[in-house]
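Here is the structure we will look at, set down as structure tokens.
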Amino acid sequence: MPERSATPIIASDHHLAHDGLIELAGGQPVRCYDSPERATVIRDALLAIGDYSLEAPSEHGPDPIAAVHDLELIDLVEHAWTDAVADGHDPRYPLLPDTFLLREYARRMPLDQLPTGRHDRLGAYCFDTATPIVAGTTAAARAAVDIALTAVDRVLAGEPLVYGLCRPPGHHAGRNLIGGYCFYNNAAIVAQSLVARGAQRVAVLDVDFHHGNGTQQIFWERGDVMYVSLHGDPRGSYPYYSGYATERGAEAGEGATLNLPLPAGTDGDAYLGALDEALDAIRAFGADAPLVLSLGFDTYHADPICNLALQTDDYARIGSRIASLGISVVALQEGGYAVEALGANAVAFLGALREGLSDR
Ligand code: SP5
Ligand code: ZN
């Protein structure tokens, strides 16, 4: 076996204070599926292997976030919690929207007439009831962006693979929307930063169980950033209103969005078949930058909120297949909620990707 240098894991502890505590599942309060333990178990499992080195993120400031998100969305993420507490919100409990700005109202609602407290206008910027904000959310969201941007810096400096252990995740966050446990779209911010540094063709591959509606929205009309996603069929899976195969992008981005919805129960063999289609599209696109990978392990058969049927061994097969693209990879953590299996799945996936990339 040839000696390989350690693969960097970029992580921080800022996410520990982002703990939304409860969400509703079938009307019942349950522990938030996006728990801090998710990131801790992945980090510990990888560090136990010896092939990885833990590195802290460096601060990249607000500009890369503003290159992707509207200023009013950033203002909301930065201040909704403090506005709520100033208005009497009990800080022991998370902040959740209760009243959504739907089409009928949005059509005749000038945005400068939104309620003045950011907490009172949360329903204009959040599309679900499962994205709790707590005191530590803002710092965690910013740290996740710094993790992602530090990861891409390291890849551009020559690493074939860097893993950004982002939490909160990002792919559901749109230009002007939060949701799906996501606040800032880490992967989109990385893709845009690659364009800002001169890339002309950036590919984002999303293998999280859920469709990355935010990433798709951000690059919908862009021909320079391709978005390719494998995900549970939105006819029966969150986020329900996005991710259909008929969604292919528009304007300069027409054909630069590829959605591959998968039926419930899809196993490793069928998944790899769809992955080959995704990888062929990325090859044909001809990326001139590292691959941005939105990496979720919620495709696992025992994931508590999803319905695909992958096994731990399948993640190694997927990792090898992605390595066959022959381009370096910025892997950014998205979802995955079967906490007991996350460590093994991350080890299997990243180990195979790492080997495949260093063998080329
Ligand atoms: C990053 C990421 O993976 N976000 C996922 C957010 C999903 N949020 C709510 C899903 C609700 C699905 N309810 C399914 C109940 C199955 N018993
Ligand atoms: Zn997911």
Item to check | Pair list, Cβ under 8 Å, 6 or more apart: region 170-189 residue open to solvent by 10 Å² or more (accessible area, probe 1.4 Å) and assigned to a loop (DSSP other than H, G, I, E, B), other residue polar (S, T, N, Q) and away from ligand 2 (no atom under 13 Å from the Cβ) | outcome: ARG175/GLN217
Checklist entry - Can you name every residue in region 194-215 that is open to solvent by 10 Å² or more (accessible area, probe 1.4 Å) and away from ligand 2 (no atom under 14 Å from the Cβ)? => result VAL195, ALA196, ARG197, GLY198, ALA199, GLN200, ARG201
Item to check | Pairs where the first residue, in region 201-212, is of a type in the set (Lys, Arg) and the second is assigned to a loop (DSSP other than H, G, I, E, B) and surrounded by 24 or more Cβ atoms within 10 Å (Cβ to Cβ), C-beta under 9 Å, 6+ apart | outcome: ARG201/ALA289
Checklist entry - So, in region 136-169, of the ones that are more than 13 Å from HIS14 (Cβ to Cβ) and in a loop (DSSP other than H, G, I, E, B), which residue ends up nearest to the chain's Cα centre (by Cα)? => result PRO169
Next on the checklist: Quick check on region 45-54: of everything there that is out of contact with any helix residue (DSSP H, G or I) (no Cβ under 7 Å at 6 or more places or on another chain) and modelled with pLDDT of 95 or more, which residue is least open to solvent (accessible area, probe 1.4 Å)?
Outcome noted: SER53
Checklist outcome for this item: ASN176: passes all of (1) within 16 Å of HIS69 (Cα to Cα); (2) in contact with a Gly (Cβ under 9 Å, 6 or more places away or on another chain); (3) away from ligand 1 (no atom under 16 Å from the Cβ) but (2)
Checklist entry - Does region 229-255 hold any residues that are surrounded by 13 or more Cβ atoms within 10 Å (Cβ to Cβ) and more than 16 Å from ligand 2 (Cβ to nearest atom), and which are they? => result TYR244, GLU247, ARG248, GLY249, ALA250, GLY253, GLY255
Checklist outcome for this item: Filtering region 319-339 for residues that are within 18 Å of the chain's Cα centre (by Cα) and over 22 Å from VAL145 (Cα atoms) leaves a count of 4
Item to check | Selected residue [within 16 Å of ligand 1 (Cβ to nearest atom), on the phi > 0 side of the Ramachandran plot and part of a loop (DSSP other than H, G, I, E, B)] from GLY243, GLY236 | outcome: GLY243
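Results for (1) assigned to a helix (DSSP H, G or I); (2) within 16 Å of ligand 1 (Cβ to nearest atom), shown as yes or no for each residue.
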{"position": "GLU23", "(1), (2)": "no, yes"}
{"position": "ASP34", "(1), (2)": "no, yes"}
{"position": "ALA48", "(1), (2)": "yes, no"}
{"position": "TRP81", "(1), (2)": "yes, no"}
{"position": "GLY88", "(1), (2)": "no, no"}
{"position": "TYR105", "(1), (2)": "yes, no"}
Next on the checklist: Being away from ligand 1 (no atom under 16 Å from the Cβ) and either open to solvent by 10 Å² or more (accessible area, probe 1.4 Å) or assigned to a loop (DSSP other than H, G, I, E, B) (or both) narrows it down to one residue among LEU258, LEU353; which is it?
Outcome noted: LEU258
Checklist entry - Residues HIS15, HIS60: which one is part of a loop (DSSP other than H, G, I, E, B), at pLDDT 95 or above and crowded, with 16+ Cβ neighbours inside 10 Å? => result HIS60
Checklist entry - Which residue, of ARG360, ARG317, ARG321, ARG354, is in contact with a helix residue (DSSP H, G or I) (Cβ under 9 Å, 6 or more places away or on another chain) and modelled with pLDDT under 95? => result ARG360
Checklist entry - Pick from ASP112, ASP75, ASP128, ASP98: which is exposed (fewer than 14 other Cβ atoms within 10 Å of the Cβ) and assigned to a loop (DSSP other than H, G, I, E, B)? => result ASP98
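The values are calculated or read from the model by the stated rules, or taken from the named source; none is laboratory data. None of these values were measured; they are calculated from a predicted model. Note: ideal-geometry Cβ built from the backbone for every residue, glycine included; neighbour counts use all protein chains shown. Calculation scope for accessible area: heavy atoms of the full protein, side chains included, ligands and nucleic acids excluded. Shrake-Rupley method; radii C 1.70, N 1.55, O 1.52, S 1.80 Å.
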